[in-house]
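The values are calculated or read from the model by the stated rules, or taken from the named source; none is laboratory data. Just so it is clear, the model here is predicted, and its values are computed rather than measured. A quick note on method: Cβ atoms are made from the backbone with ideal geometry, for glycine too, and the neighbour counts reach across all protein chains shown. For accessibility, only protein heavy atoms count, side chains too; no ligands or nucleic acids. Shrake-Rupley method; radii C 1.70, N 1.55, O 1.52, S 1.80 Å.
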Amino acid sequence: MGLIVTIVRHGNTFETGEPPRRIGARTDLPLVASGQAQARALGAALPGFDRVLAAPLLRTRATVEAILATRADAPTIEDADWLTEIDHGPDEDAAEDAVLARIGHAALAAWDAEARVPGGWIVDAERRLAGWRDLWRQGAGRVLVVTSNGAARFALRSDESLRRQAEALPSLKLRTGAYGVIACDADGLRLIDWDRRP
């Protein structure tokens, strides 16, 4: 079977109509009611897993716990610090319009399309890339990874073949409550799906 990795972005942390802000590693928000519903929908839609990795944030832990809640045979959740959301530096917890005023539309577009880090953000891309590359080498089975958008995009940058496959995507971004699937077997890494919501 090879390795099948399902990468989930946590559910919503803002209520409908609430102005969006740049939330990273220093702002540990819980899921709101719609985020909890997204997590339950993921749990109903996704298959069982042999291994589960999650970033140690309230939003990622609540999402993974809801996904696994109905499974009696769910594996233990492993903390993976390399999956923790990025630090938005001077833009942490700032309103989106203020972030755009500071870094500009081009910088934000480059972040979404190519994972080019805007000035002042603390990303540690090499550690994240190393984490994904290590995961790809870990054999067979079904693995669930629950993380944030800033960390998830580096899965698509961790291998040249994935990078080429991702060129067809409109963005490297995963929406809240969405997932992607990457398969790894003797033929290499294949992007099966990206940014799908159940």
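The set of residues in segment 169-198 being in contact with a strand residue (DSSP E or B) (Cβ under 9 Å, 6 or more places away or on another chain), more than 15 Å from Gln38 (Cα to Cα) and of a type in the set (A, V, I, L, M, F, W, C) consists of Leu169, Leu172, Val181, Ile182, Ala183, Cys184, Leu189, Leu191, Ile192, Trp194.
Here Leu162 meets the list (1) modelled with pLDDT of 95 or more; (2) surrounded by fewer than 22 Cβ atoms within 10 Å (Cβ to Cβ); (3) part of a loop (DSSP other than H, G, I, E, B) almost entirely, failing just condition (3).
Residues that are at pLDDT below 95 and more than 19 Å from Ala25 (Cα to Cα) were ranked within segment 42-68; the one that is most open to solvent (accessible area, probe 1.4 Å) is Pro47. Entry remark, segment 165-180: residues being hydrophobic (A, V, I, L, M, F, W, C), open to solvent by 20 Å² or more (accessible area, probe 1.4 Å) and either out of contact with any helix residue (DSSP H, G or I) (no Cβ under 9 Å at 6 or more places or on another chain) or assigned to a helix (DSSP H, G or I) (or both) number 1 in total. Can you say whether Arg190 is over 16 Å from the mean Cα position of the chain (by Cα) and within 26 Å of Gly43 (Cβ to Cβ), as far as the supplied structure shows? Yes: the conditions hold for Arg190.
Residues to consider are Phe49, Phe14; find the one that is without any contact (Cβ under 8 Å) to a residue 60 or more places away in the chain, in a loop (DSSP other than H, G, I, E, B) and more than 16 Å from the chain's Cα centre (by Cα). Quick ask: steps written out before the conclusion?
Numbers: Phe49 fails: without any contact (Cβ under 8 Å) to a residue 60 or more places away in the chain.
After ruling out the rest, the residue left standing is Phe14.
Cβ separations smaller than 9 Å between residues 6+ apart or across chains give the following pairs from segment 105-134 residues that are of a type in the set (Asp, Glu) to residues that are in a loop (DSSP other than H, G, I, E, B): Asp112/Pro170; Asp112/Ser171; Asp112/Leu172; Asp112/Lys173; Glu114/Leu172; Asp124/Ile86. Just one of the numbered conditions (1) in contact with a strand residue (DSSP E or B) (Cβ under 6 Å, 6 or more places away or on another chain); (2) surrounded by 20 or more Cβ atoms within 10 Å (Cβ to Cβ); (3) under 26 Å from Ile192 (Cα atoms) is not true of Gly35: (1). Apart from one condition, Gly139 fits all of (1) open to solvent by less than 30 Å² (accessible area, probe 1.4 Å); (2) closer than 21 Å to Phe49 by Cα; (3) out of contact with any His (no Cβ under 8 Å at 6 or more places or on another chain); (4) of a type in the set (Gly, Ala, Ser); the exception is (1). Taking the residues in segment 70-99 that are small (Gly, Ala, Ser) and out of contact with any Gly (no Cβ under 6 Å at 6 or more places or on another chain) as candidates, determine which candidate is most open to solvent (accessible area, probe 1.4 Å). By that ranking, first place goes to Ala72. When segment 67-123 is filtered for residues that are part of a helix (DSSP H, G or I) and in contact with a Lys or Arg (Cβ under 6 Å, 6 or more places away or on another chain), the ones remaining, listed by number, are Trp82, Asp91, Val99, Ala110, Asp112. Filtering segment 69-87 to residues that are closer than 17 Å to Leu58 by Cβ and touching a residue at least 60 places away in the same chain (Cβ under 8 Å) leaves Ala80, Leu83, Thr84, Glu85, Ile86, Asp87.
Each residue in segment 77-99 was checked for being under 19 Å from the mean Cα position of the chain (by Cα) and on the phi < 0 side of the Ramachandran plot, and 13 pass.
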